[in-house]
Amino acid sequence: MNFVLNDALAGLAGGALIGLAAAILLLGNGRIAGISGILGALVNTSLPATWRENLLFVAGLAVAPVAYAAMVAPPDINITTSVPLLIAGGLLVGFGSRLGSGCTSGHGVCGMSRLSPRSIVSTLTFMAVAIAVVAAMSAVMA
Amino acid sequence: MRNIVALVSGLVFGVGLVVSDMINPARVRGFLDLFGGAWDPTLAFVMGGALTVMALAWLMTSRRSGSLLGYSLPGKPSGTIDGRLLGGAAVFGLGWGLVGLCPGPAIAGLFLGGWPVLMFIAAMLAGMMAFSLINRTA
């Protein structure tokens with residue numbers, strides 16, 4: 001995949017929309033748009049009082065790309081990871097994001113934008129580990 | 001009203017993930033592949049756009065005691081860096097690097113990504129449930 005100027009502009013615009021979505025949830029409901037937190041609360045052993053809004057947020061997140069695909073263009077979703085590693089990856093992402101109280105949205109976008117020390121440390125950590133994993137996988141396959 | 005706000009936020013978030021192409025794991029792994037010779041910086045632009053808008057939102061809350069709808073705002077961020085934070089981030093990063101999917105883009109790809117995304121989501125939810133069970137008994 002080659003990076004071109006259009007990708008940078010689309011990235012900025014899409015990123016601004018992600019920021020806007022998080023801003024809507026914060027300024028409206030006073031809540032952090034952390035996807036792992038919202039999902040985690042839905043599969044927790046006890047459902048919180050906010051389960052309806054959590055479910056609606058998740059529904060919007062899942063349905064919007066379908067509408068976008070129908071009206072504009074369907075996105076590429078290209079996964080090259082083998083099935084065992086795909087499942088391992090899902091388990092690690094789910095468990096790790098809950099253990100570390102956040103993922104790319106909660107820590108990466110919502111926390112870093114308010115200069116939370118925990119979120120900055122978390123984001124630097126998961127970025128560094130993910131970069132190392134990709135490098136290691138390339139080395140093994142080469 | 002809270003429900004409508006949450007739905008709208010989810011919809012806008014989903015559009016943002018498609019427009020930025022962060023719904024595509026190949027694009028995300030292109031950013032993480034620093035040493036592969038064809039680095040894709042798109043994710044940095046996405047973070048730049050998102051952080052700028054969200055920083056303005058935090059600024060708007062700084063002089064308010066509650067949200068625009070009157071709900072309580074999140075408290076001041078804690079500065080506690082502990083093993084749980086670091087360990088969780090490392091485990092999360094391991095999975096993120098393996099696949100190129102994190103929770104938001106996974107859910108955004110629920111109806112478009114076919115069985116690989118469905119399997120990833122199932123495993124991710126299982127991981128979250130496992131944490132809930134361990135956390136409760138710990």
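Taking the condition assigned to a helix (DSSP H, G or I) and either touching a Ser or Thr at 6+ places or on another chain (Cβ under 7 Å) or in contact (Cβ under 8 Å) with a residue 24 or more places away in the chain (or both), does B:G87 pass? Spelling it out, it is not the case that B:G87 is assigned to a helix (DSSP H, G or I) and either touching a Ser or Thr at 6+ places or on another chain (Cβ under 7 Å) or in contact (Cβ under 8 Å) with a residue 24 or more places away in the chain (or both). Residues in region B:106-131 that are surrounded by fewer than 17 Cβ atoms within 10 Å (Cβ to Cβ) and not in a loop (DSSP other than H, G, I, E, B): B:G114, B:W115, B:L118, B:A122, B:A126, B:A130.
Taking every residue in region A:9-38 that is farther than 18 Å from B:Y71 by Cα and pairing it with any residue that is among the acidic types (D, E) and modelled with pLDDT of 95 or more, at least 6 positions away or on another chain, the pairs with Cβ-Cβ distances below 8 Å are A:A10/B:D21; A:G11/B:D21; A:G14/B:D21.
In region B:92-105, of all residues being part of a helix (DSSP H, G or I) and in contact with a Ser or Thr (Cβ under 7 Å, 6 or more places away or on another chain), the one that is nearest to A:V63 (Cα to Cα) corresponds to B:G104.
Every condition in (1) at the interface with another protein chain (Cβ under 7 Å from one of its Cβ atoms); (2) touching a helix residue (DSSP H, G or I) at 6+ places or on another chain (Cβ under 6 Å) is met by A:P117 except one, and the failing one is (2). For region B:32-41, the condition holds for no residue, the condition being that it is in a helix (DSSP H, G or I) and under 30 Å from B:L69 (Cβ atoms). Flag: B:F45 does not match the condition of being within 7 Å of chain A (Cβ to nearest Cβ) and modelled with pLDDT under 95. Candidates A:A69, A:A73, A:A88: the one that is more than 7 Å from chain B (Cβ to nearest Cβ), more than 17 Å from the chain's Cα centre (by Cα) and either assigned to a loop (DSSP other than H, G, I, E, B) or at negative phi (or both) is A:A73. Residue pairs whose Cβ atoms lie under 8 Å apart, separated by 6 or more positions or on different chains, with the first residue in region B:4-29 and in a loop (DSSP other than H, G, I, E, B) and the second modelled with pLDDT under 95, are B:D21/A:D7. Cβ-Cβ contacts under 9 Å between residues 6 or more apart (or on different chains), taken from a first residue in region A:95-111 that is at the interface with another protein chain (Cβ under 7 Å from one of its Cβ atoms) and within 20 Å of B:W58 (Cα to Cα) to a second residue that is of a type in the set (A, V, I, L, M) and not in a helix (DSSP H, G or I), are listed as A:T104/B:M22; A:S105/A:I32; A:S105/A:A33; A:V109/A:A33; A:C110/A:I32; A:C110/A:A33; A:G111/A:I32.
Evaluated against (1) under 29 Å from A:L27 (Cα atoms); (2) modelled with pLDDT of 95 or more, A:P48 falls short on exactly one condition, (2). In region B:49-67 there is at least one residue that is surrounded by 15 or more Cβ atoms within 10 Å (Cβ to Cβ), within 18 Å of the chain's Cα centre (by Cα), touching a residue at least 12 places away in the same chain (Cβ under 8 Å) and in a helix (DSSP H, G or I).
The condition (being outside any helix (DSSP H, G or I), closer than 18 Å to A:R31 by Cα and at pLDDT 95 or above) is satisfied by just one residue among A:G102, A:G111: A:G102. Being under 15 Å from B:A108 (Cβ atoms) and either buried (at least 22 other Cβ atoms within 10 Å of the Cβ) or not basic (K, R) (or both) holds for only one residue in A:V129, A:V121, A:V93, A:V83, and it is A:V93.
The values are calculated or read from the model by the stated rules, or taken from the named source; none is laboratory data. What you are looking at is a predicted structure, and each value in this text was computed from that prediction instead of being measured. Quick reminder, even Gly has a Cβ in these numbers, built from the backbone with ideal geometry, and neighbours come from all protein chains shown.
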